[in-house]
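J.: To start, I am sharing the structure in question, which I have written as structure tokens.
The values are calculated or read from the model by the stated rules, or taken from the named source; none is laboratory data. If you're wondering where the values come from, they're calculated on a predicted model, not measured in any experiment. Ideal geometry is used to build each Cβ from the backbone, glycine not excepted, and the neighbour counts take in all protein chains shown. Just so you know, the surface numbers come from the protein's heavy atoms only, side chains and all, with ligands and any DNA or RNA stripped out. Shrake-Rupley method; radii C 1.70, N 1.55, O 1.52, S 1.80 Å.
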Amino acid sequence: RYSLFYNRLKNIEENEGGLDKFSKCYKTFGVNQFVDGGIYCKEWAPGAEAVFLAGDFNGWNPFSHPYKKMEYGKWELFIPPGQDGYPSVPHGSKLKVVIRAQNGELLYRISPWARYVVRDEDKVNYDWVHWNPPQSYIHKHPSPKRLKSLRIYESHVGIASPEGKVASYKNFTYNVLPRIKDLGYNCVQLMAIMEHAYYASFGYQVTSFFAASSRYGTPDDLKEMIDVAHSMGITVLLDVVHSHASKNSEDGLNKFDGTDSCFFHSGPKGTHQLWDSRLFDYANWEVLRFLLSNLRMWIKDYRFDGFRFDGITSMLYHHHGIGTGFSGDYNEYFGLHVDEDALCYLMLANHMINFLHPECITIAEDVSGMPALCRPIAEGGGGFDYRLAMAIPDKWIQIIKELKDEDWNMGNIVYTLTNRRYEEKYIAYAESHDQALVGDKTLAFRLMDAEMYTNMSVLSPLTPVIDRGIQLHKMIRLITHALGGESYLNFMGNEFGHPEWLDFPRRGNNESYHYARRQFNLTEDHLLRYRFLNTFDRDMNKLEERFGWLASPPAFVSEKHESNKVIAFERAGLIFIFNFHPHQSYVDYRVVIWHSSLIVIFKYKILLDSDAAEYGGHQRLDHSAEYFSEEYPHNDRPNSLMV
């Protein structure tokens, strides 16, 4: 693998002028304006017989502006400025690339490199709009320094409002970012930014890879949003989809040059059976240029601080993970079933980002557990900084769905939370957007279900279902945060137990926005119990910010007691103790401390208590109490204390 990566990198260095030049092609491909007002156009359409540019600027004459054919399937066109010195293609004008296919058919296409596409309300397809404002947004604030402890708020701009509509970049900037900051998250991961024609795809059926979604606002609105986030010290990551592309041809990449290949594999190999989408040919030189340039553009132009690479299990294997289980056996990760070209692309992408923008972060979403994905490329690794701990949310769902409280297995919980390869960083999460989607349930809804509609008011009795749900919601999140990885992620709204599910407007729900929103207002109503969960989530993050357990070595687990239902561990100098017993509390409970000094006596105090009144608890612990270590062996350690 390293040899394949090295040979391709060497090829780029020797024949393309290096990675910097190779990944800056977004400045030459598509339609770009020179300083003197001239317009330079460039496309890659190897299957085309002829290429033209048509639009508002030439009265939609499909033949007046032909491209010149170059080698390797590239086409170029230069349009001089008008007699008045102004650009011949003005800002805001609509354009189309006109392709004469091999069968003589004229195809009107959006450039794969288009920077702005919009859809009129009375139309189905998107239109390409030339984006070149007289004055683009100028960033005022530097990007935050690379974070040691990453607390990620997974977000979707369009649903980030209590109102039933598509919310805007402006709304997110002025209403949601302050909330994220107050909750103690230092990183926001943005979904559904790359333009996608179908809103209900959650942004995972991308049609225009270089265009920021216009349904939320303009490119400058997004730049301002990222700039304001940086002013708050918040790192901004983009959920990038390079694992596949929408099958749309009128406003997507599919059949751009009239063939079924171009950017993709031809035939069945180029189609994902489950996603009904197109699969990139990662061995193709121009595809590498396109995808690497795409990453570079989001960093340079918008100032994104890194990426979460979506669906890379589909990329890593020729079977795309379909109908395949992964047990951890190493034969599953090495062999002819592995797509080495796709893996090599990921290595090139991480190398480019690390080499040219070392402050940026990359995250892998891989369900298979591919070894060394988060190890340096020099070791033959994938070069990612983090990978998602995808087994953790599945485990919590399985426990809540299948087991009685008294049957919860403490050892199995600890095993799932700590089962990760040494020195590969994992992002722990109890639930993400996947669990919030229609057809699934959030943890809060699984725990409290229909009673969330009737018994979340403090004026109503605290029923056993609501009491259990609120307490377990806090405990599950804290133990996942503290034990599950080297970073933590939460999907927007889940921090306060957002009721119901997430469903985008579509035919099946009569195009309703009722479930495509986040009811942040629920936390502001002091008569509702949602505020307890919201406050706990904030204080949990603030405590991590203070002590940095995510950046600390893995925890020392001192107890996983099955009959007592107690888990205890130590990390970053803090002792975490969880009592999962459904009805039993304990006094004078002995817990190990890691320190082995026989001379120094350590004093401990409560820092965070899920049973505190401000978190909707029963206030059974005295926070003024002090706990002292003593030379009393317990669980194979010389020192312990009583709690």
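J.: How long is region 481-619 along each principal axis, judged by its Cα atoms, biggest number first, in Å?
T.: Here the spans come out as 69, 32, 29 Å, largest first.
J.: Related question: Using a 1.4 Å probe and ignoring any ligands, DNA or RNA, find the accessible area of Tyr513 and quote it in Å² to the nearest 10.
T.: Tyr513 has an accessible surface of roughly 70 Å² with all protein chains in place.
J.: If the viscosity is 0.692 mPa s and the temperature 37 °C, what translational diffusion coefficient in µm²/s does Stokes-Einstein give for region 1-109 when Rh comes from Kirkwood over Cα pairs?
T.: Answer from the Stokes-Einstein relation: 210 µm²/s.
J.: Among [x] 32.6, 101; [y] 25.2, 81; [z] 26.9, 91, which one is Rg and Dmax of the Cα atoms in Å computed from these coordinates?
T.: Looking at Rg and Dmax of the Cα atoms in Å for this model, the match is [z].
J.: Follow-up. Starting from 0 in steps of 5 Å, tell me what percent of the Cα-Cα pairs of region 180-291 lands in each bin.
T.: Answer for region 180-291: a P(r) of 2, 11, 19, 20, 16, 12, 9, 6, 3, 1, 0 percent.
J.: Arrange the residues His561, His265 by how much accessible surface each exposes, largest first, with a 1.4 angstrom probe.
T.: Details: His561 70, His265 35 Å².
Largest accessible area first, the residues go His561, His265.
J.: Please give the charge dipole size of region 215-328, origin at the Cα centre, charges +1 on K and R Cβ atoms and -1 on D and E Cβ atoms. Round to the nearest 20 debye.
T.: Values: 11 positive and 15 negative charges, 62 e Å.
Approximately 300 debye in magnitude.
J.: Net charge near Ile567: determine it from the other residues with C-beta under 15 Å of the C-beta of Ile567, scoring Lys and Arg +1 and Asp and Glu -1.
T.: On the way: positive: Lys395, Lys474, Arg477, Lys560, Lys565, Arg571, Arg590; negative: Asp405, Glu559, Glu562, Glu570.
That works out to +3.
J.: Same structure, new question: Less than 19 Å apart at the alpha-carbon level, and either on another chain or at least 8 residues along: which aspartates and glutamates does that give for Lys165?
T.: Correct list for Lys165: Asp120, Glu121, Asp122, Glu195, Asp221, Glu500, Asp503, Glu511.
J.: A further question on this structure: Hey, any idea what % of region 359-484's accessible area is carbon plus sulfur with a 1.4 Å probe?
T.: Details: 2470 of 4630 Å².
Looking at region 359-484 in its full context, I get 53 percent from C and S.
J.: Taking square-rooted eigenvalues a ≥ b ≥ c of the alpha carbon gyration tensor, is region 152-205 rounded, prolate or oblate, where a/c under 1.5 means rounded and, failing that, a/b exceeding b/c means prolate? Numbers along the way, then the final one.
T.: On the way: a/c = 2.57, a/b = 1.53, b/c = 1.68.
In terms of gyration-tensor shape, oblate.
J.: What per residue convex hull volume, in Å³, do the alpha-carbon atoms of region 443-529 yield?
T.: Numbers: hull volume 10.1 nm³, N = 87.
Dividing the Cα hull volume of region 443-529 by its residues yields 116 Å³.
J.: Still on this structure, I have one more. Roughly to the nearest percent, how much of the accessible area of region 120-170 is carbon and sulfur, given a 1.4 Å probe? Don't skip to the end; give the middle numbers.
T.: Numbers: 1440 of 2730 Å².
In region 120-170, the share of accessible area belonging to carbon and sulfur is 53 percent.
J.: Return the calculated 222 nm mean residue ellipticity for the chain, to the nearest 500 deg cm²/dmol, obtained by summing -39500 (n - 2.57) across DSSP H runs with n ≥ 4 and dividing by the residue count.
T.: Helix-only estimate at 222 nm: -7000 deg cm²/dmol.
J.: How high is the relative contact order of the chain, given as a whole-number percent (alpha carbon pairs under 8 Å, six or more residues apart)?
T.: Numbers: 1262 pairs, mean separation 69.3, N = 643.
RCO, the chain: 11 percent.
J.: Can I ask one more? I'd like to know how region 43-171 sits against the 2.2 N^0.38 Å rule of thumb: what's its Cα Rg over that expected value? Kindly include the intermediate steps, with their values, before the conclusion.
T.: Values: Rg = 19.9 Å, N = 129, 2.2 N^0.38 = 13.9 Å.
Here the Cα radius of gyration is 1.43 times the empirical estimate.
J.: Given region 590-643, report the % of alpha carbon pairs whose separation exceeds 13 Å. Before the final figure, lay out the partial values.
T.: Details: 869 of 1431 pairs.
Within region 590-643, distances greater than 13 Å cover 61 percent of Cα pairs.
J.: A further question on this structure: With the cut-off at 27 Å, tell me which of the pairs Lys69/Lys223; Lys42/Lys300; Lys42/Lys247 have Cα atoms farther apart than that. Please report the intermediate quantities before stating the final value.
T.: Numbers: Lys69/Lys223 35 Å; Lys42/Lys300 20 Å; Lys42/Lys247 23 Å.
Where the Cα-Cα span goes over 27 Å, the pairs concerned are Lys69/Lys223.
J.: Still on this model: Regarding region 451-494, what are the three Cα extents along the principal axes, ordered largest first, in Å?
T.: 40, 20, 13
J.: As an exercise, identify the trypsin sites (Lys or Arg not before Pro) in region 442-517 lying in DSSP coil whose Cβ has no more than 15 other Cβ atoms within 10 Å.
T.: On the way: sites: Arg446, Arg468, Lys474, Arg477, Arg506, Arg507, Arg517; in loops: Arg506, Arg517.
Qualifying residues, ordered by number: Arg506.
J.: Report the trypsin sites (Lys or Arg not before Pro) located in region 555-643 that are in a DSSP loop and have at most 15 other Cβ atoms inside 10 Å of their Cβ, or state none.
T.: On the way: sites: Lys560, Lys565, Arg571, Arg590, Lys603, Lys605, Arg620; in loops: Lys565, Lys605, Arg620.
Sites meeting the loop and neighbour criteria: Lys605, Arg620.
J.: Among the complete DSSP H segments of the chain, which ones combine at least 20 Å of alpha-carbon extent along their axis with a mean Kyte-Doolittle hydropathy of -0.5 or more? Walk me through the intermediate numbers first.
T.: Details: long enough: 285-300 (22 Å, 0.38); 340-356 (23 Å, 0.82); 464-483 (28 Å, 0.41); 530-547 (26 Å, -1.25).
Long hydrophobic helices here: 285-300, 340-356, 464-483.
J.: Also, quick follow-up: Give the residue list of chymotrypsin sites (Phe, Trp or Tyr not before Pro) in region 297-340 that are DSSP loop and have at most 16 other beta-carbon atoms within 10 angstrom. Display every interim value, and only then the final one.
T.: On the way: sites: Trp298, Tyr302, Phe304, Phe307, Phe309, Tyr317, Phe326, Tyr330, Tyr333, Phe334; in loops: Tyr302, Phe304, Phe326, Tyr333, Phe334.
Within region 297-340, the qualifying chymotrypsin sites (Phe, Trp or Tyr not before Pro) (loop, at most 16 other Cβ atoms within 10 Å) are Phe326, Phe334.
J.: Which of the lysines could a cross-linker span from Lys605 if the Cα-Cα distance has to be under 19 Å and same-chain partners fewer than 8 positions apart are dropped?
T.: Within the straight-line cut-off, Lys605 pairs with Lys542.
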